[in-house]
Amino acid sequence: MSWLGVFAIIGGVVALMVFAGVLGMFTFVGRDPGDAALAPPEADDGPGRLLVLMTTLGGGGMMAIAAVVIVLGGLDALIVAGGLLALFAFLSVVVLALTYMERKVLGRVQQRLGPMRVGPWGLLQPIADAIKLITKEDITPSWVDKGVYWLAPVAFFIPTFLIWLVIPFASGWVIRDLDLGLLYIIAFSVLAIAGLFMAGWGSANKYGFLGSLRAIAQLISYEIPIIVVALTIAMLTGSLNLSSIVEAQGSVPYIALQPFGFVLFLIGGLAEIGRTPFDIYHAESEVMGGPFVEYSGAHWAIFYLAEYVNTFLVGVLVALLFLSGWVGPVLPGVLWFFIKVFAVVTVIFWFRGTFPRLRIDQLMALGWKALIPLAFVNFVLTAFAVFYHWPGWTMTLMGLGLLLAFGYLVNARFTAPGRRPTVRMIPAKELRGA
Amino acid sequence: MTQARQLQSLDMMVNMGPQHPSTHGVFRMVLWLDGEEVVDVEPHIGYLHRGSEKLAEDELYPQIITLFDRMDYVGNFNSELAFCMAVEKLMSVEVPERPQYLRIILCELNRISSHMLFYGTMGLDAGAMTPVMFGFRERERIQRLFEATSGARMMHNYFRIGGIKEEPPPDFKQRVAGVLGELDAGIDQCDKLLTYNEVYLMRTKDVGRISGKEALELGLTGPSLRASGVPYDVRVYEPYSLYNRFQFDIPVGNNGDVWDRYAVRVAEMRESVKIIRQALEQMPDGGPLVAQGVRRIPRPPKGETYLATESPRGELGVFIVSDGGDKPYRLKVRPPSFVNLQSLRPMLRNSYVADAVMILGSLDIILGEVDR
């Protein structure tokens with residue numbers, strides 16, 4: 001039965017994509033984004049902002065849920081639909097918490113307080129932000145392709161949201177415990193790229209277009225190391241089921257066996273969600289928000305929501321695959337799970353306070369020349385260890401060795417004493433004589 | 001649509017600015033892009049043109065100081081100094097030592113605060129959020145001192161032809177010494193955060209390179225020229241005021257890339273601290289604040305003069321033609337930002353979009369000064 005559910009959901013999303021794509025095709029043949037700006041604006045002020053919010057959120061959600069209900073029917077479908085609704089509520093709260101947390105962590109890094117005015121310690125700030133975003137005027141520029149432009153947030157949000165169908169929060173706390181859970185997650189995270197491209201293309205803005213092209217290049221290349229690392233984990237466990245992966249780890253989390261895989265997965269995950277130092281596709285100082293540049297109000301809020309849900313997802317996946325999920329002493333499992341997730345998410349926010357951003361060509365070079373080969377080396381070494389039943393510590397040593405090699409390469413390339421640039425100091429006295 | 005049009009790959013023209021977060025004001029770059037690569041660039045200026053030079057012809061000499069405040073609005077004291085010294089040179093006025101030292105202290109502090117702003121925006125251009133917070137924290141210490149001294153945070157109008165406006169607060173020396181102590185730690189912290197960050201090195205090393213010869217040909221001055229290996233500093237080559245009395249080093253870069261332009265400025269902040277320390281030690285405690293015999297509305301003798309100073313951005317020169325009246329007949333400014341901007345095109349060719357932002361940032365232009 002769960003198999004049918006998966007097909008139904010995939011079918012629903014693909015249908016949505018195809019619909020949006022076809023709509024885009026018909027409108028954009030022979031039209032380039034630059035010329036569109038010169039066309040006289042049409043007299044159309046679009047629907048009201050609340051209506052837009054309802055159509056995007058409600059319409060998109062309904063389509064997906066309807067697809068599930070139609071194919072499956074009966075009690076099972078209702079459980080999935082109810083679970084999705086509960087998940088949506090849960091994730092909204094999580095996103096509110098994450099925005100607050102990010103601003104507090106960044107404030108801490110930057111020697112300031114972060115939000116302090118709305119509510120005690122600024123605790124109500126995210127709610128104020130949410131109200132502001134929803135009530136803000138939703139501007140639709142006159143030159144955009146309305147269909148693609150309005151569907152893009154939905155096409156971006158739905159796949160990222162549906163991933164959560166298979167995520168276990170504790171033993172048994174999962175809507176659909178799929179045996180192919182890991183594969184399902186990877187497949188759906190790729191689907192979200194279409195939404196980004198629709199946003200960039202549909203808004204007919206050069207910065208948006210540039211940003212969405214960057215997004216495609218970046219997200220597709222960084223899928224590969226992530227998949228290879230996920231395969232390594234699957235090989236260790238012998239299963240793609242997330243619950244069995246956690247159970248297989250037990251008290252020895254895979255970070256101990258796969259230290260290098262952990263680092264690769266974290267780097268790849270950061271690139272996949274477009275966070276510092278890989279926030280290239282919405283770099284404010286270059287492409288001014290990239291695909292989202294023309295969006296405002298509720299539409300922008302949906303992108304924002306999806307981005308933070310993705311950040312949370314990386315934390316969850318790292319916790320599940322490498323930090324043995326909900327396993328831990330004394331405290332209940334769910335609590336352990338969230339402690340681990342938020343620890344990873346804090347590290348992600350901490351990066352944002354520390355690192356500058358890479359350039360797109362450097363990002364591609366890092367992905368294709370460093371991460372992908374190293375991920376395969378790690379995969380092959382682990383395969384040997386698994387096949388010949390070497391003890392666990394050999395894997396740890398190999399992982400640490402790879403990690404050291406990686407660190408050494410970065411150091412030798414950039415910051416080794418011979419490579420690091422310097423400034424000469426010429427005393428003014430010498431120059432005065434000359 | 002013809003077959004040829006379909007197969008042709010067109011360069012994309014992108015208007016970067018005047019409303020773009022990283023053009024450092026109202027500057028517009030028309031970029032022609034081939035994918036991510038910059039094929040050509042055409043800078044457009046003039047969005048902040050206020051006609052300062054023409055306005056100056058209709059203002060009394062002391063009133064022009066306020067116009068100079070608004071030219072380089074990040075290095076206000078340095079702008080004021082250039083104008084005041086040019087008029088003093090025209091009138092052959094000998095300025096007493098105490099105001100000279102005070103001017104140097106304030107100008108060097110202003111250089112640090114200007115470079116701190118550069119440091120912050122450089123971080124922002126590179127995509128790092130924290131440097132701007134650290135930079136502004138250090139700036140704030142200096143701004144408070146300026147406010148206490150001149151009464152204003154930006155448009156000070158504190159220097160006068162022949163001296164300064166009024167006595168600084170009685171605890172000026174202690175306050176400056178205190179700020180210097182905090183700056184030492186602050187500059188070190190900023191340096192540690194960004195300078196040798198691997199990602200930052202990736203983004204800045206060998207980006208926007210320009211050789212010393214080419215830089216000289218383009219008229220580059222200031223830290224941007226010194227980054228290309230030419231140790232030219234007006235404070236040393238044509239020492240003005242009392243700069244001959246101080247011991248300090250001139251930081252010089254080796255490659256002339258964005259990193260060098262950044263690192264030279266960071267090193268310069270430390271040198272400025274050194275200069276201020278020496279000036280505080282040498283400064284007399286009492287004495288006149290304005291030169292003797294300078295009238296409230298000066299009328300310089302007929303003639304013309306050019307005087308160059310080292311502003312945070314480079315050689316800031318003022319050319320004044322006087323017809324003996326109380327207003328200049330003609331006033332011309334050599335703004336370092338405007339001249340430095342000429343090197344944008346050769347630096348930008350065959351770089352990436354992301355580099356364009358970094359290279360523009362590394363020139364540290366102030367649009368108020370470019371457009372005047």
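Counting the residues of segment B:267-294 that are touching an Asp or Glu at 6+ places or on another chain (Cβ under 9 Å) and part of a loop (DSSP other than H, G, I, E, B) gives 7. Residues that are away from chain B (no Cβ under 14 Å), surrounded by 24 or more Cβ atoms within 10 Å (Cβ to Cβ) and either without any contact (Cβ under 8 Å) to a residue 40 or more places away in the chain or not in a helix (DSSP H, G or I) (or both) within segment A:276-314 comprise just one, A:Tyr295.
In segment B:110-127, is there at least one residue being of a type in the set (Ser, Thr, Tyr), within 13 Å of chain A (Cβ to nearest Cβ) and either more than 17 Å from the chain's Cα centre (by Cα) or assigned to a helix (DSSP H, G or I) (or both)? Yes, some residue in segment B:110-127 is of a type in the set (Ser, Thr, Tyr), within 13 Å of chain A (Cβ to nearest Cβ) and either more than 17 Å from the chain's Cα centre (by Cα) or assigned to a helix (DSSP H, G or I) (or both). Given the criteria of a type outside the set (D, E, K, R) and surrounded by fewer than 20 Cβ atoms within 10 Å (Cβ to Cβ), does B:His115 qualify? So B:His115 fails the test.
Tell me which helices (runs of 4 or more DSSP H) are completely within segment B:1-99 and hold 3 or more residues being away from chain A (no Cβ under 14 Å), or say none if there are none.
The helices (runs of 4 or more DSSP H) meeting that bar are B:52-56, B:61-69, B:76-91.
Residues that are touching a Gly at 6+ places or on another chain (Cβ under 6 Å) and away from every other protein chain (no Cβ under 14 Å) were ranked within segment B:341-372; the one that is surrounded by the most Cβ atoms within 10 Å (Cβ to Cβ) is B:Met347.
Scan segment B:211-266 for residues that are outside any loop (DSSP other than H, G, I, E, B), polar (S, T, N, Q) and more than 13 Å from A:Arg432 (Cβ to Cβ) and the total you get is 1. The single condition among (1) within 26 Å of B:Gly287 (Cβ to Cβ); (2) acidic (Asp, Glu); (3) modelled with pLDDT of 90 or more; (4) over 21 Å from the mean Cα position of the chain (by Cα) that B:Glu147 does not meet is (4). Taking the criterion of being modelled with pLDDT of 90 or more and either farther than 19 Å from B:Met116 by Cβ or assigned to a loop (DSSP other than H, G, I, E, B) (or both), the only residue of segment B:174-209 that qualifies is B:Gln174. Yes or no: B:Pro251 within 21 Å of the chain's Cα centre (by Cα) and farther than 25 Å from A:Pro356 by Cβ? It is false that B:Pro251 is within 21 Å of the chain's Cα centre (by Cα) and farther than 25 Å from A:Pro356 by Cβ.
Being part of a helix (DSSP H, G or I), over 25 Å from the mean Cα position of the chain (by Cα), in contact (Cβ under 8 Å) with a residue 12 or more places away in the chain and within 30 Å of A:Leu213 (Cα to Cα) is not true of A:Leu402. Exactly one residue among A:Ile216, A:Ile186, A:Ile193, A:Ile175 is within 14 Å of chain B (Cβ to nearest Cβ), surrounded by fewer than 24 Cβ atoms within 10 Å (Cβ to Cβ) and among the β-branched types (Val, Ile, Thr), and that residue is A:Ile216.
Within segment A:342-365, the residues that satisfy the criterion of being free of Cβ contacts under 8 Å to residues at least 40 places away in the same chain and within 24 Å of B:Glu37 (Cβ to Cβ) are A:Asp361, A:Gln362, A:Ala365.
Within segment B:158-169, does at least one residue satisfy the condition of being at the interface with chain A (Cβ under 10 Å from one of its Cβ atoms), of a type outside the set (Asp, Glu) and at negative phi? Among the residues of segment B:158-169, not one is at the interface with chain A (Cβ under 10 Å from one of its Cβ atoms), of a type outside the set (Asp, Glu) and at negative phi, which makes the answer no.
Using the structure shown, decide if A:Arg352 is within 12 Å of chain B (Cβ to nearest Cβ), of a type in the set (Lys, Arg) and part of a helix (DSSP H, G or I). Against the criterion (within 12 Å of chain B (Cβ to nearest Cβ), of a type in the set (Lys, Arg) and part of a helix (DSSP H, G or I)), A:Arg352 qualifies. Number of residues in segment A:234-254 that are in a helix (DSSP H, G or I) and of a type outside the set (A, V, I, L, M) equals 6. For segment A:385-434, what are the residues that are β-branched (Val, Ile, Thr) and within 14 Å of chain B (Cβ to nearest Cβ)? Residues satisfying the conditions are A:Val410, A:Thr415, A:Thr422, A:Val423, A:Ile426. How many of the residues making up segment B:23-38 are in contact (Cβ under 8 Å) with a residue 40 or more places away in the chain and in contact with a strand residue (DSSP E or B) (Cβ under 8 Å, 6 or more places away or on another chain)? Number of matching residues: 8.
On the basis of being in a helix (DSSP H, G or I), surrounded by fewer than 17 Cβ atoms within 10 Å (Cβ to Cβ) and within 14 Å of chain A (Cβ to nearest Cβ), does B:Glu138 make the cut?
no
Among the residues making up segment B:228-265, those that are more than 8 Å from chain A (Cβ to nearest Cβ), aliphatic (A, V, I, L, M) and either free of Cβ contacts under 8 Å to residues at least 60 places away in the same chain or surrounded by fewer than 24 Cβ atoms within 10 Å (Cβ to Cβ) (or both) are B:Val230, B:Val234, B:Leu242.
Among the residues of segment B:330-372, the one identified as polar (S, T, N, Q) and out of contact with any Asp or Glu (no Cβ under 9 Å at 6 or more places or on another chain) is B:Gln342.
Summed over segment A:105-117, residues that are closer than 26 Å to A:Phe157 by Cβ and either more than 14 Å from chain B (Cβ to nearest Cβ) or surrounded by fewer than 18 Cβ atoms within 10 Å (Cβ to Cβ) (or both) total 1.
Look at B:Ser9 and say whether it is under 30 Å from A:Phe209 (Cβ atoms), in contact with a Ser or Thr (Cβ under 8 Å, 6 or more places away or on another chain) and not hydrophobic (A, V, I, L, M, F, W, C). No: the conditions fail for B:Ser9.
Residues that are surrounded by 24 or more Cβ atoms within 10 Å (Cβ to Cβ), out of contact with any Gly (no Cβ under 8 Å at 6 or more places or on another chain), under 21 Å from B:Pro346 (Cα atoms) and more than 9 Å from chain A (Cβ to nearest Cβ) occur in segment B:205-213; there is at least one.
Kindly indicate whether A:Gly208 is within 14 Å of another protein chain (Cβ to nearest Cβ), crowded, with 22+ Cβ neighbours inside 10 Å and either touching a residue at least 40 places away in the same chain (Cβ under 8 Å) or on the phi > 0 side of the Ramachandran plot (or both). So A:Gly208 fits the description; yes.
The values are calculated or read from the model by the stated rules, or taken from the named source; none is laboratory data. Keep in mind that this is a model prediction, so the values were computed, not measured. Using ideal geometry, Cβ is built from the backbone for each residue, glycine included, and neighbour counts are taken over all protein chains shown.
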